[in-house]
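The values are calculated or read from the model by the stated rules, or taken from the named source; none is laboratory data. Model, not experiment: these values are computed from the prediction. Here Cβ is always computed from backbone atoms with ideal geometry, including for glycine, and neighbour counts include all displayed protein chains. Note: accessible area is taken over every heavy atom of the protein model, side chains too, but ligands, DNA and RNA are not part of it. Shrake-Rupley method; radii C 1.70, N 1.55, O 1.52, S 1.80 Å.
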Amino acid sequence: MTASPLKRYHKVLGEGAWVILGQAAVVAGGLVGMRLLTHFVAPEAFGVVSLLLGVVMLVKNFTFMPLGHAGARFLPDLAVVNGVGLLRRVMNRFLRWSWLAAGLGLLAGTAWCVWNGQSAWLAPLVVLLFVLDVKRSAEATFMGAARRQRALSLWNVGESWLRPGLAIAAAFWLGPSAGSVLLGYAAASTVLLLLVLAREPSDSGVDVAGKWTEARLSAEIRSYAAPLIPLAAIVWANTVGDRYIIGWLRTPEEVGVYVATYGLVNTPFLMAQGILTQTLRPVYLQKLAANHEADARKTYAVWIGCTTAVCLVGFVAVLALKDGIAWLLLAPEYRSGALLMPWIAGGAAIYAAGQVVALYLLAHKRSSWWVACEAAGAAVSIPVTILLVRRHGAFGAAVACPIYFGVTFVLQSILAMALSGARRATVVSQEEAGGGS
């Protein structure tokens, strides 16, 4: 007897409920934190924090992002043969490159701070945030791929509230400087990471069944992740490069207004997409691992369809409510960002939908295709952003957002449709061959 749809998808619905609750609390924490931070921290200091965090993101993209995508992709395959412990050991070995980058970054950053008369504490704080972020992302990869949505949601919620909370406390007691904000961020991430690691079971000694060996898994991860390494700089240029162009052609104060507005508008779109991705991507990968092609296609259709619909609603809401959003959630010094909001919202909506398509390509091990699409977007984004910022400042950077994200999304969609058609044709031919034998 066939189970009812509600029973069949009971686990997915339960996971989705935890993701929704968690992401709602994350969005609330982000919005409240942004409002309070912009009250205590001037745009210039906030701009410096944003530029330093962009450096953390760049180095993390090079040293961890390819590995993180590989871990999420291979975990369902390894889980079938009880090989999660093997995957963790192999990933930890690859993470040595991250720790090497942290050491080199500490030396170079400290030298730069001394040479330019900056606070000597900035470099150690940035490196500490990098180490914490890499370790957090590695653990989150295992939680998400294993569909442990409750634990991951609670972690996300804690970070979204504690990071701005401790940053505000540090700014209040030590002064509203960039170093105070970074210290608060680092303290919050350290506390939460230690709490998570204390509760995580150790699975490094799990034996592995099947054909997977450490050598084979290392080779497969290396092959999967290698094409993603150039993507580190490309994604960084597409997502945070605009703030460096503003800093280069304008002032840190204008960077602060732009980044505060961008974060305020972009966060709900990313969180909405994150709810659907965190819930449905592991399901989709498990369907692929089990060779359930029809179920995988249905899951992807729900995933991309819901993401597109939610992003469209979000764009219309920002368009209609931009002035109220700025008044409610930004301090007076930042409220000129209301003019930027519709353009940023358009770019954020396109980017969120494009991330789903990109993850579809990655699920089918077409990482080089994703790199090509992002490279095309970067080739458009850099000259367009420079031209528009030179003429219109931060407003020009906002106008550029939907342009280069749109180029990337169109190319990704064309390749995804071609891949889907080829896979469907292969399935049909296999079924016809099986029926005729």
For the table 287/365; 60/322; 135/211; 135/298, the rows whose alpha-carbon distance is greater than 24 Å are 60/322; 135/211; 135/298
Taking the chain and counting helices only, DSSP H stretches of n ≥ 4 at -39,500 (n - 2.57) each over all residues, the nearest-500 ellipticity at 222 nm comes to -29500 deg cm²/dmol
Taking N as the residue count of the stretch 296-437, its alpha carbon Rg divided by 2.2 N^0.38 Å gives 1.35
Placing +1 on each Lys and Arg Cβ and -1 on each Asp and Glu Cβ in the stretch 206-292, then taking the dipole about the Cα centre, the residue among 241, 273, 286 whose Cα reaches farthest towards the positive end is 286
If each part is reduced to its alpha-carbon centroid, the stretch 99-114 and the stretch 346-365 end up apart, in Å, by 33 Å
Among 392, 331, 346, the residue whose Cα sits farthest towards the positive end of the charge dipole of the stretch 278-437 (+1 at Cβ of Lys and Arg, -1 at Cβ of Asp and Glu, taken about the Cα centre) is 392
Quick calc, the stretch 270-381, dipole around Cα centre from Cβ unit charges on Lys, Arg (+) and Asp, Glu (-), nearest 20 debye, gives 280 debye
To the nearest 10 degrees, the tilt of helix 65-80 (Cα long axis) against the first principal axis of the alpha carbons of the chain is 30 degrees
Reduced to Cα centres, the span from the stretch 31-51 to the stretch 120-136 in Å works out to 19 Å
With Cα springs under 10 Å, the Gaussian network model of the chain assigns the largest mean-square fluctuation among 76, 342, 383 to 383
If one compares the long axis through the Cα atoms of helix 394-436 with the longest principal axis of the Cα atoms of the chain, the angle in degrees, nearest 10, works out at 0 degrees
Using a 1.4 Å probe on heavy atoms of the protein chains only, the accessible area for residue 195 in Å², nearest 10, reads 100 Å²
Treating only Lys and Arg (+1) and Asp and Glu (-1) as charged, each at its beta carbon, one finds that the chain has a dipole about its Cα centre, in Debye to the nearest 20, of 620 debye
If unit charges are put on Cβ atoms (+1 for Lys and Arg, -1 for Asp and Glu) and the dipole of the chain is taken about its Cα centre, the option from 85, 193, 51 lying farthest towards the positive end turns out to be 85
Heavy-atom accessible area of the stretch 207-323 with neighbours in place, 1.4 angstrom probe: carbon+sulfur share in percent works out to 65 percent
Ranked by GNM mean-square fluctuation in the chain (Cα springs under 10 Å), the top entry among 223, 119, 367 is 119
